[in-house]
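Okay, structure first, notes after.
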Ligand SMILES: Nc1ncnc2c1ncn2[C@@H]1O[C@H](COP(=O)(O)OP(=O)(O)OP(=O)(O)O)[C@@H](O)[C@H]1O
Ligand SMILES: Nc1ncnc2c1ncn2[C@@H]1O[C@H](COP(=O)(O)OP(=O)(O)OP(=O)(O)O)[C@@H](O)[C@H]1O
Ligand code: SF4
Ligand SMILES: [Mg+2]
Ligand SMILES: [Mg+2]
């Protein structure tokens, strides 16, 4: 076995050719005489998430990241493709199996406050998932788990926080509580969709550090969804770059950032501001044109060709597939070897 | 030194709430020079937006000025009659792109109609007269004229932000306050909007106050950096004095910079500032940053450090810097 192939039992989640196509709801008048345009939000993605890693999914707004997260959470059904969790096909599940699945795969939402009952004190916020999943029979039973969860996200002293309402917490503390609430079910996989994007820099650094500590001490696996490359590099082991419903590059974080192969990844990197002096009067040279096209109107060939500074005629016709260049670094660009 | 277009002297603006006065702007002084971009940074709640709305002389209720002066092109605007502020100052001389404005466009009106209403409020004119002006300004922000006929939900985030910027420029102000204009956008769109703002600034000879919590972004846009903490300015200096080899002087700025991720220089872990900013109803005695500061000593706990020049063009408010 070569070093780059991963052993089956090292993979916690395998996603194969996964698709999600939305059929828009048009009013009768709107739909008259117009063919229905299908929105291909996720359009055939394949990747493995390895046990104990932080896997980042990166891309612009509208690239299909949240839809991928929802598919993995099984909040929506796939149009096509397959998902395997821990060796078990989970593409379609009956109700009891789905409940089991929802315990194993947890999600942290972008706005933790919106997903919490404001009339619940911290203790109740944490007890709720336990009672939903019928873990323990009363508060006495559940208290050790609640304390353990608060401890792990460092909402301490516990006595002080357990009696508070969510509105009595700072943004950072609320995000800690949201994390504690997902950890309490001891999930195998945690999907975090932009967990820190609306938070200021210092709190963001604090939360990511806390999440990483918890991940390492509990041996968790994360799918970290973001458009922020700089935190992804620092936080994640591997990065997958998504564009218009497809993965265009995937590899170890340092490799993807230091040695990007796909023109889209290069453009994302060029766009990130670095805290250095001397750039105020510089108009940044962005190696990308315009805005992301609609997923209802995906360009033929390489779907990036309309914005790519390297596109040639062949890019308009031929669909690039992911190519492995070694070291677990893959890209889907027809011209990567010459640019 | 070029001409001062704005001068703020010992400004205080408090929100009078049932719990007491929130001292959101608590004795701040600075100037804005013609053609410069002054970056205002700091954690959430430190008073950045309050500073912006104060400069427009429209603090949100229950905010009230408690002292100090705002001079815009030499005119003191706090004592002015509201009518005169509306006629000459607000939007005409100083305008603002509000935090989250792109998500506050009215969903039921077209972009053109909303732009027309803004225009009409200050310069009554017919729709026909307004149309070329609207199209011209859409052009300035890189949007085709058809956008006027679109509804906000038909536009991407970047396009909506361009519309908001066009509207802020409508009445030909010379100073524009931009409050987190790119925070809700992804990196590519953010970079495009920043490029656009830099071009507009040149083209119209504008001066900017650029508010954000993202220091990395400030490094790319602002000539000078104004760091706020708990309603006060704690450091005010040239871009290079924060982002150059010497690094910032104030421990707060130092920590903020260490918490800023760098794409190309990976560190093992990002630093963060433990604790949270103080309650602005009862701010701590002495230096407001003292409870979280890694360089704190006895004096900091009892005596408030003034904002003082520590080298040419570099002000800081910290007992360790003097
Ligand atoms: N229920 C839906 N019906 C129709 N279109 C949808 C639906 N959900 C998502 N889309 C479309 O699919 C595309 C991908 O959306 P998605 O939310 O997955 O993107 P994202 O990468 O998470 O973007 P962001 O960074 O803005 O969160 C978008 O164009 C979106 O408008
Ligand atoms: N209308 C208001 N009434 C009472 N308090 C207010 C009001 N607006 C702001 N504040 C308080 O004033 C302080 C400064 O708020 P401000 O909105 O200026 O901060 P900011 O630096 O812009 O923060 P952010 O980065 O979150 O936008 C905060 O403590 C805030 O809670
Ligand atoms: S395949 Fe062509 S169009 Fe696509 S990214 Fe590569 S060079 Fe650009
Ligand atoms: Mg999303
Ligand atoms: Mg603000």
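Every number in this text was worked out from the coordinates using simple rules, so none of it is lab data. What you see is a predicted model, and the numbers here were worked out from it, not measured in a lab. Cβ coordinates were reconstructed from backbone atoms using ideal geometry, including for glycine residues, and neighbour counts include every protein chain displayed.
Fewest Cβ neighbours within 10 Å first, please rank B:15, A:310 accordingly. Please report the intermediate quantities before stating the final value.
Details: B:15 20, A:310 17.
In increasing order of surrounding Cβ atoms, one gets A:310, B:15.
What is the antiparallel percent of DSSP beta bridges lying wholly in chain B, to the nearest 5? If you can, show how the numbers build up before the last one.
Values: 31 of 49 bridges.
Percentage antiparallel, nearest 5: 65.
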Per the C-alpha gyration tensor (a ≥ b ≥ c, the square roots of its eigenvalues), region B:180-220 is rounded if a/c is under 1.5, else prolate if a/b beats b/c, else oblate; here it's oblate
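Could you give the length gained by full extension between residue B:81 and residue B:127, i.e. 0.36 nm per residue of separation minus their alpha carbon distance, to one decimal place?
Numbers: separation 46, 0.36 × 46 = 16.56 nm, distance 3.01 nm.
Computed gain between residue B:81 and residue B:127 is 13.5 nm.
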Which value in Å does the Kirkwood hydrodynamic radius of region B:56-149 take, with 1/r averaged over all unlike C-alpha pairs and then inverted? 15.6
Most mobile listed residue (B:270, B:105, B:258) in chain B, GNM with C-alpha springs under 10 Å: B:270
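Kirkwood hydrodynamic radius for chain B: how many Å is it when counted over pairs of different Cα atoms?
So the Kirkwood estimate lands at 20.8 Å.
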Distance in nm between residue A:321 and residue B:106 label points, each 7 Å along Cα→Cβ, equals 5.5
Distance from region A:270-339 to region B:59-77 (C-alpha centre basis), Å: 48
If you take every DSSP beta bridge whose two residues both sit in chain A, what share of them, in percent to the nearest 5, is antiparallel? 60
So, with points 7 Å from each Cα along the Cβ direction, the residue B:4-residue A:254 label distance in nm works out to 5.2
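Could you work out the mean projected area of the convex hull around the alpha carbons of region B:1-86, in square nanometres to one decimal?
6.2
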Please state the shape class of region A:95-177: rounded when a/c is under 1.5, otherwise prolate if a/b exceeds b/c and oblate if not, all from the C-alpha gyration tensor. oblate
Say we join alpha carbon atoms closer than 10 Å with springs in a Gaussian network model of chain A; which of A:59, A:328, A:138 then has the biggest fluctuation? A:138
Which ordering of A:262, A:133, A:329 is given by a fewest-first count of other beta-carbon atoms within 10 Å? A:133, A:329, A:262
For region B:106-172 and region B:243-313, what is the separation of their C-alpha centers, rounded to whole Å? 41
Distance in nm between residue B:199 and residue B:19 label points, each 7 Å along Cα→Cβ, equals 4.5
If each residue's Cβ is checked for other Cβ atoms within 10 Å, how do B:146, A:338, A:148, A:194 rank with the fewest at the top? A:338, B:146, A:148, A:194
Could you give me the percent of Cα pairs per 5 Å distance bin for region B:119-262, shortest bin first, beginning at zero and ending with the bin that holds the maximum distance? 2, 8, 17, 18, 17, 13, 10, 7, 5, 3, 1, 0
Ratio of region A:255-339's C-alpha Rg to 2.2 N^0.38 Å, to two decimals? 1.22
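Taking a temperature of 10 °C and a viscosity of 1.306 mPa s, what whole-number D in µm²/s does Stokes-Einstein yield for region A:8-331 with Rh from Kirkwood over alpha carbon pairs? Let's see the in-between values first.
Numbers: Rh = 21.4 Å.
Calculated translational D: 74 µm²/s.
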Place a point 7 Å from the Cα of residue A:160 along the Cα-to-Cβ direction; which residues of region A:116-130 have their backbone N under 16 Å from it? A:122
Cα-based Rg / Dmax (Å) for the protein assembly as shown: 26.2, 81
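Summing -39500 (n - 2.57) over the DSSP H runs of n ≥ 4 in chain B and dividing by its residue number, what mean residue ellipticity at 222 nm do you reach, to the nearest 500 deg cm²/dmol?
Computed ellipticity for chain B at 222 nm equals -8000 deg cm²/dmol.
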Using only the Cα atoms of region A:78-227, build the gyration tensor, take square roots of its eigenvalues as a ≥ b ≥ c, and label the shape rounded, prolate or oblate: rounded if a/c is under 1.5, else prolate if a/b is larger than b/c, else oblate. oblate
How many angstrom lie between the C-alpha centres of region A:100-174 and region A:204-223? 17
GNM flexibility winner over chain B from B:124, B:145, B:284 (Cα, springs under 10 Å): B:124
